[in-house]
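To start, the structure under review is shown below, and the notes come after it.
The values are calculated or read from the model by the stated rules, or taken from the named source; none is laboratory data. Computed from a predicted model, the values in this text were never measured in an experiment. Don't worry about glycine lacking a Cβ; one is built from the backbone with ideal geometry, like all the others, and counts go over all protein chains shown.
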Amino acid sequence: MTRRMAVILLSIMVAAITMASVPNAARAADCYKSTIVAPSPFMGNNDEVFKLADGTLWQVKYEYEYLYAYRPDVVICPSSGVLAIDGKTLQVVAVRSGRSPPSGGRPSNVPTNAVTVVFRISGCDYFLDNGPQGYYLLEWYGGHDPSVGDAFVGYERGYGFKNVIYIQSGSTGRVWAEDYLLSRDSAAEKITEKCN
């Protein structure tokens with residue numbers, strides 16, 4: 001047996017094992033293979049938003065798997081809301097389609113844990129956000145450069161570096177969480193100090 005044939009057989013076996021973990025009801029024609037490209041690692045926990053290689057964004061619902069998977073290959077079944085990964089199936093819901101992104105504005109099905117940019121001063125890397133934990137003071141560190149109105153997921157609370165996914169574009173970014181749990185007045189004072 002040649003090496004190429006061995007690779008093909010192994011690929012077929014992996015696909016068969018993965019499809020075997022998908023419930024019969026989910027084996028519809030709309031199931032397809034993809035790769036989770038963000039976040040890395042993918043945990044598979046409730047409310048985690050992830051991006052597939054085709055640009056679609058999905059949110060895990062009611063699952064707590066702690067997978068620590070780095071760019072895993074998966075099978076996604078949109079009509080039944082099922083993701084098959086490493087022999088497990090997770091319930092998921094679509095957040096954004098990769099084939100027809102929204103033309104601006106906040107998507108109608110933004111997850112409850114999303115954070116939205118509400119204020120940014122031109123020329124300053126700091127910006128204010130509003131989300132589930134009040135107002136946030138964040139600093140842009142790379143990737144997508146956010147604008148007012150951009151909603152993102154991947155950060156709810158805590159200090160330090162955070163990798164986030166912007167819902168409208170599906171782009172990833174890196175931010176420094178300077179402060180959170182702020183009132184509107186406190187947030188305004190802090191950004192004035194940082195961007196003066």
## Note on the structure
Within segment 65-94, the residues that are in contact (Cβ under 8 Å) with a residue 40 or more places away in the chain and of a type outside the set (Gly, Ala, Ser) are Asp73, Val74, Val75, Ile76, Cys77, Pro78, Val82, Ile85, Lys88, Thr89, Leu90
### Query
Would you call Tyr70 over 28 Å from Gly131 (Cβ atoms) and at pLDDT 90 or above?
no
### Message
I'd like to know if segment 158-173 contains one or more residues that are closer than 16 Å to Lys194 by Cα and among the charged types (D, E, K, R).
### Response
no
### Message
Of everything in segment 154-170, what is more than 13 Å from Val117 (Cβ to Cβ) and under 14 Å from the mean Cα position of the chain (by Cα)? Give them in sequence order.
### Response
Gly154, Glu156, Lys162, Asn163, Ile165, Gly170
### Query
Does segment 27-34 contain any residue that is under 9 Å from the mean Cα position of the chain (by Cα) and modelled with pLDDT under 90?
no
### Query
Inside segment 42-60, can you point out the residues that are charged (D, E, K, R) and either in contact with a helix residue (DSSP H, G or I) (Cβ under 7 Å, 6 or more places away or on another chain) or modelled with pLDDT of 90 or more (or both)?
Lys51, Asp54
### Query
If you take the residues in segment 39-56 that are outside any strand (DSSP E or B) and among the charged types (D, E, K, R), which one is surrounded by the most Cβ atoms within 10 Å (Cβ to Cβ)?
Glu48
### Message
Where the second residue is hydrophobic (A, V, I, L, M, F, W, C) and assigned to a loop (DSSP other than H, G, I, E, B) and the first is under 16 Å from Lys88 (Cα atoms) and lies in segment 40-54, which pairs have Cβ atoms under 8 Å and are six or more apart or on separate chains?
### Response
Phe42/Leu67; Met43/Leu67; Gly44/Leu67
#### Entry: Members of segment 161-184 found to be at pLDDT 90 or above and surrounded by fewer than 18 Cβ atoms within 10 Å (Cβ to Cβ), listed by number
Phe161, Arg174, Trp176, Glu178, Asp179, Leu181, Ser183, Arg184
